1. At a threshold of 8 angstrom on Cα-Cα distance, excluding pairs fewer than six apart, so keeping six or more, what relative contact order does the chain reach in percent?
2. What's the exposure ranking of W365, W302, going from fewest to most Cβ atoms within 10 Å?
3. Hey, which of these cross-link pairs are over 27 Å Cα-Cα: K68/K143; K182/K372; K45/K332?
4. Hey, fewest Cβ within 10 Å first, where do Y114, Y339, Y265 land in order?
5. Identify, among H129, A141, L154, the residue whose Cα sits farthest towards the positive end of the charge dipole of the stretch 84-168, taking +1 on the Cβ of Lys and Arg and -1 on the Cβ of Asp and Glu, with the dipole about the Cα centre.
6. With point charges of +1 on the Cβ of Lys and Arg and -1 on the Cβ of Asp and Glu, referenced to the Cα centre of the chain, which listed residue (N322, A276, C375) lies farthest in the positive direction of the dipole?
7. Could you work out the helix-only [θ] at 222 nm for the chain, with each DSSP H run of four or more residues adding -39,500 (n - 2.57) and the total divided by the number of residues, to the nearest 500 deg cm²/dmol?
8. Which log10 I(q)/I(0) values, to two decimals, does the stretch 60-108 give at q = 0.19, 0.21, 0.23, 0.31 Å⁻¹ under the Debye formula with one point per Cα?
Amino acid sequence: MLVKNAKIIMGTEEVMVDILIQDGKFVKVGRNLAEDLKEEILDAKGHYVLPGMIDAHTHMRTPGFTHKEDISSGSKAAIRGGVTSFFDMPNTDPATVSMEALEEKRNMYQGNSYADYAFYFGGTRFDNHEEVQKAAEETVATKIFFNVSTGDMLVEDDRILENIFHASKRVAVHAEREMVEKAIQLARKIKKPLYLCHISLEKELEYIREAKEIGIEVYGEVTPHHLFLNEEDREQTEETKLFLRTKPELKTKKDNEALWKALQYGILDTIGTDHAPHLLEEKKAKLTFGMPSVEHSLEMMWKGVEEGKITLPRLQEVMCENPANIFGLKTKGKIAVGYDADFVIVDEKDHSEIQQEEIISKAAWSPYVGQKRGCKVLTTVLRGEIMYHEGIFGKKRGREILKHE
C-alpha cells in the first residue's frame with residue numbers, strides 16, 4: 001500500500017509525506033514515493049494521518065457480560081474511533097485472576113476482534129501473587145483495586161498488596177484521593193512501575209508531580225469524560241443523574257481545568273477511555289457506574305486541540321506514543337520505519353454533531369451524543385489492512401499484541 005498526501009506530525013512539525021507499507025509494516029516515509037507505486041493506493045488528500053490510537057483502559061465485557069458489549073462489538077467501536085490497539089481489564093466473569101481464566105479469555109478473543117489487543121491480569125484479596133507472577137510476562141500489567149471493585153478484586157491487606165506488587169512486572173491501580181499516595185509509596189518501596197488509572201482530582205495531581213520530581217516511575221492516565229464532563233453536566237436532568245455516573249465520579253470544572261493543564265505539561269501521560277458500557281435500561285433501573293467511550297475518544301480529544309487546551313504533537317504523544325512506551329510495545333505507537341502500519345486518517349475540519357444512529361457499541365449510547373466533534377475519523381488501518389473507511393468495515397484480524405511483539 002502507498003498512502004499519498006499524508007500530513008503527519010514529526011516532533012513538533014507538520015510534514016506532508018507519502019508512506020509506503022509492505023507486509024504490514026511502515027517501510028518508507030518521505031516525499032514523492034511514486035516510483036514505489038503499489039497496486040493499492042490510499043490518498044489521504046492532505047488530511048492528518050496519526051499512528052493508531054492505543055487505549056490502555058477498556059472493559060470489553062467478554063466473558064460474562066456480553067449483553068452489554070462483546071469483543072466483536074467493542075473492538076469494532078474502537079476501530080471506528082481510530083483505536084487500533086486496546087488493553088482489556090480483568091474484572092470480567094470469571095475474573096482474569098488465574099492462568100486458566102486468562103487462557104479461556106484468550107480463546108474467546110481469538111479471531112473475534114477487529115483491533116489488536118492485550119490483557120491485564122487481576123490481583124485479589126485472597127493473595128493470588130503466584131498466579132500474578134506466572135502471568136507477568138504475558139499481560140501488560142497487574143490491575144489492583146485500592147478503592148472499590150466487584151467480586152474479590154478489592155485488595156486492602158497491606159501484606160497482600162506487597163506480595164502482588166513484588167510478583168508483577170508493572171502495576172496499574174484504581175486509586176482515588178489518599179489511595180493515590182498510598183499506591184505511589186508502595187511503588188517506591190518495591191520499585192515497580194506504577195500506572196494510575198483515571199485520575200480525576202486536582203489534589204491527586206500533586207501526588208503524581210511530587211513522585212515524578214523524586215524519580216519514582218509513575219504514570220498518570222486521564223479519561224475524556226473527566227476532561228469534558230463535570231458535576232454540573234451530571235446534575236442537569238434526572239436522566240443524566242443516572243447516565244453520567246462513573247467510578248471515579250465526575251468532578252468540578254476546576255478539576256477539568258487542572259487535568260487539561262497536567263496533560264499538556266506532562267504530569268499526566270496518557271488518555272485511557274475506561275470504556276465501560278452498560279445498557280441504558282440498566283442505567284435507568286439502578287445506580288450503575290460506567291460509560292461507553294472508546295469510539296469517540298479521538299474525535300472528542302481533538303476538540304481540546306481546537307480549543308487550545310492541548311497541542312496536536314502532545315495529543316499524539318498521550319494517545320499513541322506514551323502508551324506504547326509505558327507498556328513496552330516495541331512495534332506500536334509511531335509512524336516510522338519498522339513499526340506496525342497502524343494509522344488513522346481524520347478530517348480535522350469536520351465538526352459535525354455526534355449522532356445516536358452512528359453508535360457502534362452494543363451499549364447503543366454515548367455521553368457525547370449531541371456534542372460537536374473536534375475531527376471525524378475517516379479511515380483506520382491495522383497492520384497495513386484497511387479496517388474502516390467511510391462507514392465500511394474490513395474483516396476481523398485483530399491479534400494479541402504481546403504474542404507478536
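Derivation of every value follows stated rules applied to the coordinates shown; laboratory data play no part. Computed from a predicted structure; not experimentally measured. Don't worry about glycine lacking a Cβ; one is built from the backbone with ideal geometry, like all the others, and counts go over all protein chains shown.
1. Normalised by residue count, the contact order of the chain is 21 percent.
2. By the 10 Å Cβ count, ascending, the order reads W365, W302.
3. Flagged as over cut-off: K182/K372.
4. Y265, Y339, Y114
5. After comparing all options, I get A141.
6. Going by the Cα projections, it comes out as N322.
7. Helices in the chain give a 222 nm mean residue ellipticity of -8000 deg cm²/dmol.
8. Results for the stretch 60-108 at q = 0.19, 0.21, 0.23, 0.31 Å⁻¹ read -0.61, -0.72, -0.83, -1.18.
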